[in-house]
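Everything below concerns the one structure shown next.
The values are calculated or read from the model by the stated rules, or taken from the named source; none is laboratory data. Only a predicted model underlies this, so the values are computations on that prediction, with no experimental measurement involved. Reconstructed Cβ throughout: ideal geometry from the backbone, glycine too, with neighbour counts over all protein chains shown.
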Amino acid sequence: MSLRQKSIKGVVWSFTETIGVRIFSVSIYFLLAKILGPEPFGLVALTSSVIFFTSLVIDQGFAEALIQRQDLKKEHLYSAFWGISILGFVFFLLMFLSAPVIASFYKEPMMEDILRVHAFNFIIGSSGLVHRAILMKNFNFKVVAYGRIVGIVLGGIVSIVMAYNNFGAWCLVAQHLIFSFVQTVTFWISSGWIPKIYFSWKLYKSLFSFGSKVLATRMISNFNQYSYNLIIGYAFDTTVLGYFSFALKVFTTISDVVNLSVSKVLLPLFSNIQQDRKRLEITFFKASYLMLYSSLPLFIALLVFIPDLIELTFGTAWAPSRDCMQILAISGVSVMILCIYESFQIGIGKPENNITINLINFSAGIISLLLLMDFGLTGAAWSFVIKYFVSFVYILWWLNKSFEEIKSYILNIAKPIIVFSFIALLIVAVSPFFQSTLPYLVIYKALMWMSLSLVAILIFNPDLLKMSLGLISKK
């Protein structure tokens, strides 16, 4: 199978995985939100932030290092597996012992037990990382999709049963653990790879020399994201954090539909063509067009009618999240472009370039968050927009320095932004004329959004499908 065929098939299965995971996870998430309320979600969001940030140290960027490496040997895989697995167990012990101190710092007694149980994810996740990298390097996104979707469904069923039996925040912890376990077992069985007892410090260091740069980038990026939970959880309380994490969950669910589907395939794609500078430039530009035309209608939906749909579904219980969602939607374009930029830099073997942009993103986010803290949830949401806009400006500067057709690139990405912004303004302007109850207003807005978005794509980019298939020229 040619690189083009593998990539197209990979996009299809990656998109299937993303859509499947998002549909099930969001359905489960919303059902649990309706049952549990904001406080348990805030508590688990705070705990997950501590766990997730620490787990990045275990990963060390080895998945990307294994995928990007062109002279990969089986000894690399063995060394990576045992190094990561041992580190996962060490961090499990550290989290288990430090849980009382962390719970005391946040003045949340229940957090101690949740951290200790949640920490088993260190062991489970680390044991499947190399197997997942093998599958992705071979463009076997079908198996990755199966593992994640089945894990989401099984974890969701258990968590819903627990929620109805008043287990509170524990149902969310159970959901995370079951998802991680099912996913890891699937990767082991499907990859057919069994690690032998072999470890080479030399090979481990050769992978770490690349992976450490990915790790540094990821730690900055994710600390940037999860620092919001840590700061809000400390400055306010878990209920306020629950509102913010709910709004952010809706936003990331929408952005990930396109973001994760395409970025997972872009990494091995950029890696395979990293020696062809002109082809890299063309692929970067086309990927940007594809992601913008695919994602902007979704962010418009978040602006104009999804908050109404949330209110219709959950009533006023989650009302403080409404304005927060709409503000976050403004950052959609910047998030998409940053995703492509990071995949590009890792694919061409220069992950250190991502450190700079993530430091800029992190600094802008923390400074603006602290300055806008007095505005509560609204201030936190606007700081999120600011940090990604600053990153977007940096990417444009980098493109102007690195590529030749930057003016054409800017004009082409400006067109869909202007078109879909006009659609959003039109729907908002027309909405007051619908003298209807909330259910009918949601329907009217949704129908306008679908029809106008479809017309815009047909008029301004009728070859969207053709462009997506032509993203990779023949090998």
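The numbered conditions (1) modelled with pLDDT under 85; (2) out of contact with any Leu (no Cβ under 9 Å at 6 or more places or on another chain) are all true for V257 except (2). Please enumerate the residues belonging to region 357-413 that are more than 13 Å from I231 (Cβ to Cβ), hydroxyl-bearing (S, T, Y) and touching a helix residue (DSSP H, G or I) at 6+ places or on another chain (Cβ under 7 Å). Across region 357-413, the qualifying residues are T378, Y388, S391, Y394, Y409. Given the structure, is F285 of a type in the set (A, V, I, L, M, F, W, C), modelled with pLDDT of 85 or more, in contact with a helix residue (DSSP H, G or I) (Cβ under 6 Å, 6 or more places away or on another chain) and within 29 Å of I423 (Cβ to Cβ)? Considered against the rule, which asks whether it is of a type in the set (A, V, I, L, M, F, W, C), modelled with pLDDT of 85 or more, in contact with a helix residue (DSSP H, G or I) (Cβ under 6 Å, 6 or more places away or on another chain) and within 29 Å of I423 (Cβ to Cβ), F285 comes out as no. Once region 304-319 is narrowed to residues that are aliphatic (A, V, I, L, M) and outside any helix (DSSP H, G or I), the residue that is farthest from Y29 (Cα to Cα) is A319.
Say whether the condition of being touching a Phe, Trp or Tyr at 6+ places or on another chain (Cβ under 6 Å), over 25 Å from R132 (Cβ atoms), of a type in the set (D, E, K, R) and in a helix (DSSP H, G or I) is met by at least one residue in region 267-277. No: zero hits. Selection of first residues in region 92-105 that are in contact (Cβ under 8 Å) with a residue 24 or more places away in the chain and of second residues that are assigned to a helix (DSSP H, G or I) and surrounded by 13 or more Cβ atoms within 10 Å (Cβ to Cβ), restricted to Cβ pairs under 6 Å at least 6 apart or on distinct chains, gives the following pairs, ordered by first then second residue: F92/F122; F92/I123.
Given the options I178, I124, I160, name the one that is in contact with a Gly (Cβ under 9 Å, 6 or more places away or on another chain), over 30 Å from S271 (Cβ atoms) and part of a helix (DSSP H, G or I). Going through I178, I124, I160 in turn, the sole match is I178. Among the residues making up region 426-438, those that are of a type outside the set (V, I, T) and loosely packed, with under 11 Cβ neighbours inside 10 Å are A429, P432, F433, Q435. Taking region 71-113 as the range and being β-branched (V, I, T) and closer than 20 Å to A45 by Cβ as the test, the residues that pass are V101, I102.
Each row is one residue, and each column tells you yes or no for (1) surrounded by fewer than 23 Cβ atoms within 10 Å (Cβ to Cβ); (2) basic (K, R); (3) in contact with an Asp or Glu (Cβ under 8 Å, 6 or more places away or on another chain).
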{"site": "L230", "(1), (2), (3)": "yes, no, no"}
{"site": "R277", "(1), (2), (3)": "yes, yes, no"}
{"site": "F285", "(1), (2), (3)": "yes, no, yes"}
{"site": "L298", "(1), (2), (3)": "yes, no, no"}
{"site": "D308", "(1), (2), (3)": "yes, no, no"}
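Applying the criterion of being under 23 Å from G233 (Cα atoms), surrounded by 16 or more Cβ atoms within 10 Å (Cβ to Cβ) and not aromatic (F, W, Y) to the residues of region 86-111, the residue that is modelled with the lowest pLDDT is E108.
Can you tell me which residues in region 79-121 are of a type in the set (F, W, Y) and either closer than 25 Å to A63 by Cα or part of a helix (DSSP H, G or I) (or both)? Across region 79-121, the qualifying residues are F81, W82, F89, F91, F92, F96, F105, F120.
Figure legend. Inter-residue proximity from region 370-391: first residues in contact (Cβ under 8 Å) with a residue 12 or more places away in the chain, second residues outside any helix (DSSP H, G or I) and hydroxyl-bearing (S, T, Y), beta-carbon distance below 8 Å, spacing 6+ or different chains. Indicated pairs: F384/S331; V385/S331; Y388/S331; F389/S331. Each residue in region 136-154 was checked for being crowded, with 20+ Cβ neighbours inside 10 Å, over 19 Å from the mean Cα position of the chain (by Cα) and not in a loop (DSSP other than H, G, I, E, B), and 1 of them qualify.
Conditions tested, residue by residue: (1) part of a helix (DSSP H, G or I); (2) in contact with a Cys (Cβ under 9 Å, 6 or more places away or on another chain); (3) surrounded by fewer than 17 Cβ atoms within 10 Å (Cβ to Cβ).
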residue: I367; (1), (2), (3): yes, no, yes
residue: L377; (1), (2), (3): yes, yes, no
residue: K387; (1), (2), (3): yes, no, no
residue: V393; (1), (2), (3): yes, no, yes
residue: N400; (1), (2), (3): yes, no, yes
residue: Y409; (1), (2), (3): yes, no, no
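For D71, the requirement of being surrounded by fewer than 20 Cβ atoms within 10 Å (Cβ to Cβ) and under 22 Å from S209 (Cα atoms) is met. Return a yes/no flag: does region 320-331 have any residue that is within 30 Å of F30 (Cβ to Cβ), within 21 Å of the chain's Cα centre (by Cα) and not in a helix (DSSP H, G or I). Scanning region 320-331 turns up at least one residue that is within 30 Å of F30 (Cβ to Cβ), within 21 Å of the chain's Cα centre (by Cα) and not in a helix (DSSP H, G or I). Just wondering, is there one or more residues in region 323-338 that are surrounded by 15 or more Cβ atoms within 10 Å (Cβ to Cβ), of a type in the set (A, V, I, L, M) and farther than 21 Å from V390 by Cβ? There is at least one residue in region 323-338 that is surrounded by 15 or more Cβ atoms within 10 Å (Cβ to Cβ), of a type in the set (A, V, I, L, M) and farther than 21 Å from V390 by Cβ.
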